[in-house]
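Okay, structure first, notes after.
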Amino acid sequence: MCGIMGYVGRGSARDVILNGLARQEYRGYDSAGAALRVGGEIKNIKIVGRVSELHRLVYADEGTAEAVSGIGHTRWATHGGVTVTNAHPHESADGSVVLVHNGIIENAREIRSRLEADGIKFRTETDTESPCQLLARIYAGNGGDARAAMSELCGSLSGIFSLVILFRDRPDEIWCARRGAPLVAAHTDEGGYCASDPTALLEYTHDMFFLEDGEFAEITPDGIKFFGFDGEERVKKSIFLHWDSAMAEKGHYEHFMRKEIDEQPNIVRLTIDAHTVLTSVDIEGDLNMPDGKPLASWIREIRRVQFVACGTSHYATLVARGLMESLDNALDVTADVASEYRYRSVPGGPDTLAVFVSQSGETADTLAAARGARGRGTRCIAVTNVRGSTLDREAGCALLTTAGPEVGVAATKTFTSQICLLNLLALQLLKSRGTLSVGDEARLIGGMRALPTKQQALLEREGEIRALAEKYSGSKGFFFIGRRESVPLTMEGALKLKEIAYLPSEAYAAGEMKHGPIAMLDEHLTVVALVPNDDLREKMLSSVAESRARGARIVIMATEGDAEVAAMCDDVLFVPETERELFALCGVIPLQLFAYHTARTLGRPIDMPRNLAKSVTVE
Ligand code: M6R
């Protein structure tokens, strides 16, 4: 959480820092600040609120136009309330160090007590002030050797951090360091940059240096030097990012989320094209394993598959788990949330394949879970959307989703791209095990190829979904119910509504309603029932009838052509027929639009919902 930014060079530091913060605002948005070096002065401007307000204040100060270097921060508060004093950048008491931080310093209190006992006055309630004051103390004590001071500081801190630092007496430098929180640096003829997220740098370059845990860097207008925490210089290779900066723009859309919903048909197409070999008569569905090792050489040893992820990525893994189970129930397939998997005594070793899924590739729990599994000798694959992310770099074998940058805090297009990629991976695994029939393979790959057209048709029915959202936005709460393939989708539908509309919404396997939740139903609650036309349709309709009898308002999502359901509900939303296992890839579009228009009707800040951040880099 939190977005950090640094720049030193020949361009406008003010523009670079403020643009970079605007691009990273999704990472945290309760307060923001920028420290800009103008001549001999460092102007430190901080606000409670959004980057747009910081922008206004910074640009109102004409002197900042001359800034040649600077650091900036957009905050998601952990330690200390949301106040201007607690907003970053922080300054040491002697003014020699100005610093921004993403992460949590676990020994902050201990450092603070030690420094306060020596008479240093702390001004904030944050954990960040401790490394700031400590660095100033070390730097003053070692005769102004910045490299040695950075090395000593990093070695003294426990917890998670990415830091960007200005030393007052070093006008041509910024310094940054990383342990556990993302940090990327880059260099062009215009100067040197660093940021939490590479999308903040894409308008300047596509060549990025991803700092590893245990590294710090000195950035000047002429280049970047990297060091280990031991102070030894390191040579690093850059990674070329294919994303283009326009992909992270809103274009004509009111919100990123809405734009990202629209991108899904194309992303599904791209994902399938990128990972399948297509012939004119049939689709092989061969997945290119990026480590180059033939899957067939070890897949037969696998007895179990574990999917591990958080939030929406977890729901995508539930879909893939369902697909695998339906095709090969001799394989033990589980899907866990990473925050539980990492602390449970899960089985592992070379007969286990664990698939870690994270859009950002930076989710702390998922990274920790993957490290734990590797430690047990489990075979691991990562699935992420961000090339160069920690998950991508640490995994021996990583598959990239082709969704492009997702800016809206609510995941949309990455959910569908994850499901497509995981489905293809699942098919490839089963094929290599010899348990995928030719018929099922052709049926499912063909079904996936047909999806973009169906998704597009759903997007074109936005008006109908908006009307439903407006009608039901006054509901006291929602239950999303479904069975088997629909259950992950009930979770995703409910999560979308919670996170962007702030409405109580629960997801239930329909058969569970009678075991308690049905007690809550009355005319103020809405039940959204997912009723695809499959072998469980009748059972779903019984659950619908039970809910209706308790007075709840009912919206049914049914398969096109199933006219009968209209009489059993207040409203019906039809989705095109798909293969049973692919229902989520169509059904999710109306649920995303429903949440979006409900939130819009209620006037919520859709792309930056309260209390959330896009990337959860702390536990
Ligand atoms: O980057 P990740 O996929 O690891 O993120 C996992 C969750 O934090 C994320 O899916 C979250 O639940 C989203 N806000 C959902 O819209």
Study note, to complete from the structure: For the chain, the Debye formula with one identical point scatterer on each Cα and no solvent gives log10 I(q)/I(0) at q = 0.11 Å⁻¹ as -1.05
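Using the crude model of +1 on Lys and Arg Cβ and -1 on Asp and Glu Cβ, and no other charge, please compute the dipole size for the range 135-257 relative to its Cα centre, in debye to 20. Walk me through the intermediate numbers first.
Working: 11 positive and 21 negative charges, 81 e Å.
Charge dipole, the range 135-257, about its Cα centre: 380 debye, nearest 20.
In the neighborhood of R580, defined by Cβ-to-Cβ distances under 13 Å, what is the net charge if each Lys or Arg adds +1 and each Asp or Glu adds -1? Intermediate values should be presented prior to the final figure.
Numbers: positive: R443, R483, R484, R537; negative: E325, D440, E485, D534, D535, E577, E579, E581.
My count for the surroundings of R580 gives -4.
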Review point. Let a ≥ b ≥ c be the square roots of the eigenvalues of the Cα gyration tensor of the range 3-246; is it rounded (a/c under 1.5), or, if not, prolate (a/b larger than b/c) or oblate?
Key: rounded
Review point. Using the heavy atoms of the protein chains alone and a 1.4 angstrom probe, what is the accessible area of the chain per residue in square angstrom?
Key: 36
**Study point:** Mean ellipticity per residue at 222 nm, deg cm²/dmol - from DSSP H runs of n ≥ 4 across the chain, formula -39500 (n - 2.57)
**Key:** -10500 deg cm²/dmol
Revision key, fill the gap. Looking only at lysines whose Cα falls under 24 Å of K259's and that sit 8 or more positions away or on another chain, we get K250, K413, K454, K471, K496, K498, K614
**Study point:** Net charge dipole size for the range 416-491 [Lys, Arg +1 and Asp, Glu -1 on Cβ; Debye, nearest 20]
**Key:** 180
Practice item. With the full set of protein chains in place, find how many percent of the accessible area of the chain is carbon and sulfur; take the probe as 1.4 Å. Key: 49
Review point. Any idea which of L153, M257, G463 is furthest toward the positive side of the dipole for the chain, if Lys and Arg beta-carbons carry +1 and Asp and Glu beta-carbons -1?
Key: L153
**Study point:** Reachable lysines, given that their alpha-carbon falls under 29 Å from the alpha-carbon of K121 and they are not under 8 places away in the same chain
**Key:** K43, K46
Exercise for review: Can you spot the aspartates and glutamates whose alpha carbon is less than 18 Å from K514's alpha carbon? Ignore those fewer than 8 places along the same chain.
Suggested key: E506, D522, E523, E538, E546
Revision key, fill the gap. Toy charge model, Lys and Arg Cβ at +1, Asp and Glu Cβ at -1: the range 83-154 dipole around Cα centroid in debye, rounded to 20, equals 60
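The values are calculated or read from the model by the stated rules, or taken from the named source; none is laboratory data. Note that this is a predicted model, so its numbers are computed, not measured. Quick reminder, even Gly has a Cβ in these numbers, built from the backbone with ideal geometry, and neighbours come from all protein chains shown. These accessible areas exclude ligands, DNA and RNA; they are computed on the full protein's heavy atoms, side chains included. Shrake-Rupley method; radii C 1.70, N 1.55, O 1.52, S 1.80 Å.
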